[in-house]
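K.L.:
Quick one: the structure is below, and I'll ask about it shortly.
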Amino acid sequence: MSTAAIETSSLSKTYRATRAVVDLFLRVEPGQVFGYLGPNGAGKTTTIRMLLGLQRPSTGRAAVLGLDAQVDSVEIHRRIGYLPGELALYPRLCGRQHIDLFARARGVRDRSFALQLCERFAVVLDRPARELSKGNRQKLGLVAAFMHRPELLILDEPTSGLDPLMQDEFERLVRETVADGRTVFLSSHELDEVQRLADRVAIIRSGRLVASDTVERLRRNTPLRVEARFRRPVDPTSFAKLAGVSVTARDGDGITLQVAGPLAPVLTEIASHDPLDVLSRHADLDELFLELYRDPPPEATHAD
Amino acid sequence: MPTEIIRLDLSLRRNSLLGYTLGMAVYTLVIVALYPAFEHSNSLDKLIEDDSTISALFGVTGPISTSGGWLNGNLYANFLPLLMLLLTIGYGAAALAGQDEDGTLCLIATLPRRRATIVLEKAAAMALQAAVLAAAVAACVVVGRWFDLTTTLGSVVSISATTLLLGVDFGLATMAIGASTGSRSLALGTGTALAVSSYLLASLASVVSWLHPVRYASPFYWSVANNQVIDGARLGDYAVLTAIALAGLYATVTAFQRLDIH
């Protein structure tokens, strides 16, 4: 088995009485885009800070590029690019000074790729950071994260504040990065963004991992949504009593069911009511995410 | 030694350093230029002699009409340490805890640098700022030779060095508190309180008998409050001030290794 780009085992972080991350097991394979999803305050940023060695885990351990996140943080920092979720820049320094600072500090002599990125993202280089919009600051942060061509990129809410054109440019850059054999760990609360880019996703809620799989398999495992229309209104209780079936909507002569169990008894029941039309499909991934986001597990607390 | 963080912090503090330095240089030039007017003023010495407690509060001991006394009473015993401490304590609170609160500390903490190296760079940036201020004031005092001041160059250099070390001592203590708590305001408040109590201890020790034996506990005693401007600093002064700085540096590194950065 190859060395994982990121691997955590039983990773937890507690702030006083708050359990921000609880017993987290993650494995991110090299060369893929890994989406780390969760609502605000789920523990995504805390996880990232532990991966970067910025914060010490309460228990458990994290390894990045095969190195211990706490012990080998200098070597890890040399080989990664990081975009913080709440990016703060030095207000008086302009874009060019920020790029120069990070290039010098990382020993980047050839700045042609950095300049190319600045051009692609139309980065404003000559104005102080305090005068830049959120989107323009974010673009500067993206250039700083990608400019030294790191093996692993850890990006926390990377498209926050970007306009749709720049979001497209960002997605192209991520695809190029992965095509180059490098890894992207993408934390977000935006399902669409992650869905478009990620090979695998993990969903965290209230500090606990609630799902981890490929996007396709998650989609396949969502419950079926069955919509049926009949010649005359039907009694929904005959459907509700079937195993794994719940009635999610009823509208005149139509009914919508969520089916988590076998489909055959549902079709038999529909057939007995003289149907006009039947449509069956997997529920949207959004619905699964919303459901996972919604129900807090016991003992759950917060925080990013 | 990497220097990026030194360059960055000096560039971020450029305006305030310039302000402190220019302000202090102008003040020093005025004090130096005024000396001939007070050079033969025995009444001023008499005033100090009559109310030594009030004089001691301002760090003034002994006659003020001599060159050394004039510089001590108007510059080295009070105003220069005050400005020096404003500079270093302010930077000490901002350098780690303040930048963590601003969210910029993670930008440098995720560079390929050991945390100890980050602290060393920040301590060097602090010492450089203190050196600029001390050197500017020393240069203005040297100009005083044209205004009848007879203080030797050696005394000026040595008191400048001990004042610099005094600033670095309290700056590092403040930085250590910031690294332990992650709070800029707590670091600033505690660092300032330490400096003020230390100043009062050293300056009042000459007139309050029960304070006299504990004056050694104050870094001010080893820096400016033991006649250094007249006699020059002794080896022991440098040794104590350097030892305090090293202890502060060690405490900062240890605390910063444990700090959860945001």
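What follows draws every value from the coordinates through simple rules; no lab data is involved. Owing to the predicted nature of the structure, the values given are computational and were not obtained by experimental measurement. Using ideal geometry, Cβ is built from the backbone for each residue, glycine included, and neighbour counts are taken over all protein chains shown.
K.L.:
For segment A:62-79, just list the computed ³J(HN,Hα) in residue order, Karplus coefficients 6.51, -1.76 and 1.60, θ = phi - 60°, integers in Hz, with x standing in for Gly and Pro.
P.N.:
Taking θ as phi minus 60°, the curve returns 10, 10, 10, 6, x, 10, 5, 4, 8, 6, 10, 4, 5, 5, 4, 4, 5, 9 Hz for segment A:62-79.
K.L.:
Follow-up question, since we're still on this one. Below 8 Å between Cα atoms, with a sequence gap of 6+, how large is the relative contact order for segment A:6-219 in percent?
P.N.:
For segment A:6-219, the relative contact order is 30 percent.
K.L.:
Please find the FRET efficiency linking A:Asp192 to A:Arg27, where r is the Cβ-Cβ separation and R0 is fixed at 25 Å, and quote it to the nearest 0.05.
P.N.:
The formula returns an efficiency of 0.50 here.
K.L.:
Based on the Cβ-Cβ distance of A:Asp274 and A:Gln167, what FRET efficiency does E = 1/(1 + (r/R0)^6) give at R0 = 56 Å, to the nearest 0.05?
P.N.:
0.70
K.L.:
A further question on this structure: At a 10 angstrom cut-off on C-beta neighbours, averaged per residue, how do the peptides A:100-112, B:73-85 rank from highest to lowest?
P.N.:
Going from most to least packed, we get B:73-85, A:100-112.
K.L.:
For segment B:1-78, go through all pairs of different Cα atoms, get the mean of 1/r, take its inverse, and jot down that Kirkwood value in Å.
P.N.:
Mean inverse Cα-Cα distance, inverted, gives 14.7 Å.
K.L.:
With a cut-off of 14 Å, note down the residues of segment A:14-48 whose backbone N falls inside the zone around a label point 7 Å from the Cα of A:Asp199 toward its beta carbon.
P.N.:
Residues A:27-35 fall inside that zone.
K.L.:
Which of these, A:Ala202, A:Ala264, A:Ala179, has the largest mean-square fluctuation under a Gaussian network model of chain A (Cα springs below 10 Å)?
P.N.:
A:Ala264
K.L.:
Evaluate the Debye formula for chain B with equal point scatterers sitting on the alpha carbons, no solvent, and hand back log10 of I(q)/I(0) at q = 0.12, 0.15 Å⁻¹, in q order, two decimals.
P.N.:
Each listed q maps to, in turn, -0.71, -1.03.
K.L.:
Additional query: Most mobile of B:Ser65, B:Ser218, B:Ser43 per a Gaussian network model of chain B (Cα springs, under 10 Å)?
P.N.:
Among B:Ser65, B:Ser218, B:Ser43, the largest mean-square fluctuation in the Gaussian network model of chain B belongs to B:Ser43.
K.L.:
Nearest 10 degrees is fine. How inclined is helix B:153-181 to the longest principal axis of chain B, computing both from alpha carbons?
P.N.:
Roughly 40 degrees, rounded to the nearest 10.
K.L.:
I would also like to ask the following. Could you work out how much longer the chain between A:Arg56 and A:Thr248 gets when fully extended? Use 0.36 nm per residue separation minus the Cα distance between them, nm to one decimal.
P.N.:
Length difference between fully extended and current span is 64.7 nm.
K.L.:
What nm distance separates the two modelled labels at A:Leu125 and B:Glu49, each placed 7 Å from Cα along Cα→Cβ?
P.N.:
Modelled inter-label distance: 7.1 nm.
K.L.:
Between segment A:19-90 and segment B:184-262, how many Å separate their Cα centres?
P.N.:
Each part reduced to its Cα centre gives a spacing of 40 Å.
K.L.:
With label points built 7 Å along Cα→Cβ from the Cα atoms of A:Glu287 and A:Glu216, find their separation and express it in nm.
P.N.:
Label-label distance for A:Glu287 and A:Glu216, simple model: 2.2 nm.
K.L.:
Here's something else I'd like to know. Return the average number of partner chain Cβ atoms within 10 angstrom of each residue Cβ along peptide B:104-116.
P.N.:
Mean number of neighbouring Cβ atoms from other chains: 6.
K.L.:
Counting only residues 5 or more places away or on other chains, whose amide H sits under 5 Å from the amide H of A:Cys94 once H atoms are built in the peptide plane?
P.N.:
Here A:Ala129 satisfy the definition.
K.L.:
Which FRET efficiency, nearest 0.05, do B:Trp210 and A:Ala17 yield, Cβ-Cβ r, R0 56 Å?
P.N.:
So the FRET efficiency works out to roughly 0.75.
K.L.:
Run the simple label-point estimate for A:Thr3 and B:Ala239 please: 7 Å along Cα→C-beta, distance reported in nm.
P.N.:
Here the answer is 4.9 nm between the modelled labels.
K.L.:
While we're here: Relative to the longest principal axis of chain B, what angle (0 to 90°, nearest 10) does the C-alpha long axis of helix B:14-38 take?
P.N.:
Value to nearest ten degrees: 10.
K.L.:
Right, something else. Students often forget the sequence filter, so: which lysines lie under 21 Å Cα-Cα from A:Lys13 once same-chain residues fewer than 8 apart are removed?
P.N.:
Those lysines meeting the cut-off are A:Lys44.
K.L.:
Just to confirm the number: angle between the C-alpha axis of helix A:285-294 and the first principal axis of chain A, 0 to 90 degrees, nearest 10?
P.N.:
Around 80 degrees separate the two axes.
K.L.:
Only Cα pairs within less than 10 Å get springs; with that Gaussian network setup on chain A, which residue of A:Pro158, A:Pro275, A:Pro150 has the largest fluctuation?
P.N.:
It is A:Pro275.
K.L.:
Report, in deg cm²/dmol and to the nearest 500, the calculated mean residue ellipticity at 222 nm for chain B, where each DSSP H run with n ≥ 4 adds -39500 (n - 2.57) and the sum is divided by the residue count.
P.N.:
-23000 deg cm²/dmol
K.L.:
Here's another thing I want to ask about it. Working out 0.36 nm times the residue gap between A:Ser133 and A:Asp180, then minus their Cα-Cα distance, what length gain in nm do you get to one decimal?
P.N.:
Stretched out fully, the A:Ser133 to A:Asp180 stretch lengthens by 13.8 nm.
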